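Q: I am attaching a structure below and will ask some questions about it afterwards.
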Amino acid sequence: GDIVDAVFGDVLNGRSTDLTDAVILTPRNVDALRINDRVLDRLNGVTQTFLSEDEAVVDHLSDSLNFPTEFLNKMTPTGMPPHALHMKVDCVVMLLRNLDVINGLCNGSRFIVKHIGQRVLICEHAVGSRQGYQVLIPRIDCYYTHRMLPFRLRRRQFPLRLSFAMTINKSQGQTFSRVGISLQDPIFSHGQLYVALSRARSQQGIAVDAAQQLMRNIVYEEVLR
């Protein structure tokens, strides 16, 4: 069956309302983005789309002409919000920056979007001791640098991603009642399969969608010595 139905079927069919206790994990950032949009499409409600304002920050202004806006818009590096952020009321999102650590607005926290405004969102803490508390999340400048990039990407956007699906690495330290593991591409780093399987509270809560029947669990022997 379909991994989205296996994990979110009860919610999508109206038998449950808890979207936050389920997740789909995948090794690659690009697959998580694709699955998130699939789940959002099937949620009730009207999709609202927010486009970021992108800029290549360079040492010399003339260099910025080498990086047209259309090129920057297509980039969605790990840890950055997408250029086109699609949301619906009651969708689940993950915060990608530390905004107010003391009040739980920190990188990796998950929220439910309750009201969508042009400049600010009203969101509720999804889990933990602050569950149900409402917070405001504004658009901010998010920066991305990489040694292979000749510029720094500045993206003005809500510092969020949809969080029905996430990468296995981003899921560390969290547990869920239902976990789908989408392995259309092989696992590529040490211990990732263990991390993915151990996010579920019970064996019954795991669904695996793999391109092959057998999975390699990548282990670096030098780590185990």
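The values are calculated or read from the model by the stated rules, or taken from the named source; none is laboratory data. Treat the numbers as computed from the prediction; the structure is a model and nothing was measured. Here the Cβ positions follow ideal geometry from the backbone for every residue, glycine too, while neighbour counts run over all protein chains shown.
Q: Within the stretch 105-123, restricting attention to residues that are without any contact (Cβ under 8 Å) to a residue 40 or more places away in the chain and basic (Lys, Arg), which residue is farthest from ALA22 (Cα to Cα)?
A: Once the filter is applied, the top-ranked residue is ARG119.
Q: While we're here: On the phi < 0 side of the Ramachandran plot and at pLDDT 95 or above: does that describe ARG147?
A: Numbers: on the phi < 0 side of the Ramachandran plot: yes; at pLDDT 95 or above: no.
No, not satisfied.
Q: Right, something else. Sort out which residues of the stretch 51-87 are among the hydroxyl-bearing types (Ser, Thr, Tyr) and over 14 Å from PHE151 (Cβ atoms), and write them in order of number. Steps first, answer last, please.
A: Step one: of the stretch 51-87, the residues among the hydroxyl-bearing types (Ser, Thr, Tyr) are 52, 62, 64, 69, 76, 78.
If the condition is that a residue be among the hydroxyl-bearing types (Ser, Thr, Tyr) and over 14 Å from PHE151 (Cβ atoms), then SER52, THR76, THR78 are the ones that fit.
Q: Is at least one residue of the stretch 89-101 at pLDDT 95 or above, among the polar types (S, T, N, Q) and loosely packed, with under 12 Cβ neighbours inside 10 Å?
A: Checked against the condition, which is being at pLDDT 95 or above, among the polar types (S, T, N, Q) and loosely packed, with under 12 Cβ neighbours inside 10 Å, the stretch 89-101 yields no hits at all.
Q: Restricting attention to strands (runs of 3 or more DSSP E) lying wholly within the stretch 15-73, give those where 2 or more residues are farther than 22 Å from SER109 by Cβ and either without any contact (Cβ under 8 Å) to a residue 60 or more places away in the chain or in contact with a His (Cβ under 9 Å, 6 or more places away or on another chain) (or both). Outline the logic, then answer.
A: Details: elements: 22-26, 48-51, 53-57.
Here the list reads 48-51.
Q: Could you tell me which of the residues GLY205, GLY191 is touching a strand residue (DSSP E or B) at 6+ places or on another chain (Cβ under 6 Å), at pLDDT 75 or above, surrounded by 13 or more Cβ atoms within 10 Å (Cβ to Cβ) and over 30 Å from PRO138 (Cβ atoms)? Before the answer, list the steps.
A: Numbers: GLY191 fails: touching a strand residue (DSSP E or B) at 6+ places or on another chain (Cβ under 6 Å).
Sole residue among the options that is touching a strand residue (DSSP E or B) at 6+ places or on another chain (Cβ under 6 Å), at pLDDT 75 or above, surrounded by 13 or more Cβ atoms within 10 Å (Cβ to Cβ) and over 30 Å from PRO138 (Cβ atoms): GLY205.
Q: Still on this model: Just to be sure I understand, how many residues within the stretch 124-142 are in contact (Cβ under 8 Å) with a residue 24 or more places away in the chain, within 17 Å of the chain's Cα centre (by Cα) and more than 11 Å from LEU160 (Cα to Cα)?
A: 2
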